[in-house]
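Here's the structure, in structure tokens; my notes come after.
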Amino acid sequence: MKVVGVDIGRTKIAAGCVSGGGALLASSRIPALSAEGFEMSFAQVLRAIESHLSADVAGIGVCAPGPLDPRRGVILNPPGWPGWRDIPLGDLLREKFGLPVVIDNDANAAGLAEFRFGAGRGFRSVLYITLSTGIGAGIILDGAIYHGRTGLAGEVGHVSVDYRSQVICGCGSRGCIEALCSGAAIAAGYEFDELTRRLGVWMGGLVSVLDPEIVIVGGGLTNLDGLLDRLRATIPAYTVNPYASTLPVEAAALGGEVGVYGAAAIALDALGRV
Ligand SMILES: [Zn+2]
């Protein structure tokens, strides 16, 4: 038994075939054509899936940029995707391929992949944080993705750490950690000590709320020299949790294929195969 995982990104669609045990059997990448409108980019999604289909594929997992509704499998209105508004992607793919289809946002799926196959193996509650051009999280509580009431939980990038900040986030709010500490902020010349302190203060708050068994940090910024050590040093000072000094803070393990692993992980979970 295996599943097809599809990671719909802003520029590329990555797809792959993953075994029930989490082995990546094949993978591919094609352009997303996201600016070309719905018909063109949806055709690319179909192409990506078809290239990995075979008789023993039991389901399809899809991860995509939010906002989306994971319960109904509906893509709501991702920025930069003209024509992709209230698209019932789950139903469309089920009708086309006659297989179970599961959809979730890319950070949730990546968190589940690290929990199942990566740095979070052996833990039950995992806080996965991705630090790149944006900041997101996958919150795994007691072995399952925490979706919240409306399916939109985990938007940690839009937690404000400075309501007086002059920096207005893309979401319209003021002082969001994503606006202050994402890749775009670094490109604008943000100073490293201040960056890691802000991230550590913010993560300390998340640890106070969630008390995870491990924090896993993925995304391009994990390559910054000394980032994890600085976070490990800062988090305990900004959480009320007295055990935070023993909390593992580790780098993500799945690298560039985390999206495909994540899409496969949500499908395998839904099928009850892991
Ligand atoms: Zn924001």
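Entry remark, the stretch 125-144: residues being away from the ligand (no atom under 16 Å from the Cβ) and either crowded, with 23+ Cβ neighbours inside 10 Å or hydroxyl-bearing (S, T, Y) (or both) number 7 in total. Give the residues of the stretch 22-53 that are part of a loop (DSSP other than H, G, I, E, B) and polar (S, T, N, Q), sorted by residue number. If the condition is that a residue be part of a loop (DSSP other than H, G, I, E, B) and polar (S, T, N, Q), then S51 is the only one that fits.
Taken as a whole, the stretch 205-224 holds at least one residue that is open to solvent by 50 Å² or more (accessible area, probe 1.4 Å) and farther than 16 Å from A137 by Cβ.
Open to solvent by 60 Å² or more (accessible area, probe 1.4 Å), on the phi < 0 side of the Ramachandran plot, under 19 Å from the mean Cα position of the chain (by Cα) and modelled with pLDDT of 95 or more: is that true of R29 in this structure? Judged against the criteria, R29 is a match. Against the criterion of being surrounded by 15 or more Cβ atoms within 10 Å (Cβ to Cβ) and touching a strand residue (DSSP E or B) at 6+ places or on another chain (Cβ under 7 Å), E178 qualifies. Please determine whether any residue of the stretch 92-100 is in contact (Cβ under 8 Å) with a residue 60 or more places away in the chain and over 24 Å from R198 (Cβ atoms). So far as the stretch 92-100 goes, yes, one or more of its residues are in contact (Cβ under 8 Å) with a residue 60 or more places away in the chain and over 24 Å from R198 (Cβ atoms).
Beta carbons closer than 9 Å, at least 6 apart along the sequence or on distinct chains, pair a first residue in the stretch 205-223 that is farther than 12 Å from R124 by Cα with a second that is surrounded by 21 or more Cβ atoms within 10 Å (Cβ to Cβ) and among the acidic types (D, E) for I216/E114; G218/E114.
None of R71, R85 is in the same structural domain as G22 (by TED's automatic domain parsing), in contact with a Leu (Cβ under 9 Å, 6 or more places away or on another chain), open to solvent by 30 Å² or more (accessible area, probe 1.4 Å) and not in a helix (DSSP H, G or I) except R85. Just to be sure I understand the filter: pairs with C-beta atoms under 8 Å, separated by 6 or more residues or on different chains, first member in the stretch 153-165 and closer than 23 Å to P65 by Cβ, second member within 12 Å of the ligand (Cβ to nearest atom) and assigned to a helix (DSSP H, G or I). Which pairs pass? Note: pairs meeting the criteria are V156/I177; G157/I177; G157/E178; H158/I177; H158/E178; V159/I177; S160/I177. In summary, F192 fulfils each of the numbered conditions (1) away from the ligand (no atom under 16 Å from the Cβ); (2) under 21 Å from the mean Cα position of the chain (by Cα); (3) open to solvent by 20 Å² or more (accessible area, probe 1.4 Å) with the single exception of condition (2).
Considered as a group, the residues in the stretch 5-21 that are more than 15 Å from the chain's Cα centre (by Cα), assigned to a strand (DSSP E or B) and among the small types (G, A, S) include one that is surrounded by the most Cβ atoms within 10 Å (Cβ to Cβ), and that residue is A15. Out of G172, G148, I need the residue that is more than 13 Å from the ligand (Cβ to nearest atom), among the small types (G, A, S) and without any contact (Cβ under 8 Å) to a residue 40 or more places away in the chain. Which one? One residue alone meets the criteria, G148. Does the stretch 109-119 contain any residue that is acidic (D, E) and in a loop (DSSP other than H, G, I, E, B)? The answer is no; no qualifying residue exists. Within the stretch 231-265, being in contact (Cβ under 8 Å) with a residue 60 or more places away in the chain, under 17 Å from S27 (Cβ atoms) and either open to solvent by less than 10 Å² (accessible area, probe 1.4 Å) or among the small types (G, A, S) (or both) holds for A253, G259, V260, G262, A263, A264, A265.
Might you check whether a residue that is on the phi > 0 side of the Ramachandran plot and crowded, with 20+ Cβ neighbours inside 10 Å occurs anywhere in the stretch 90-109? Taking every residue of the stretch 90-109 in turn, none turns out to be on the phi > 0 side of the Ramachandran plot and crowded, with 20+ Cβ neighbours inside 10 Å.
The values are calculated or read from the model by the stated rules, or taken from the named source; none is laboratory data. All of these numbers come straight from a predicted model, not from anything done at the bench. Neighbour counts run over all protein chains shown; Cβ positions are idealised from the backbone, glycine included. Side chains are part of the model used for accessible areas, which takes the heavy atoms of the whole protein and leaves out ligands, DNA and RNA. Shrake-Rupley method; radii C 1.70, N 1.55, O 1.52, S 1.80 Å.
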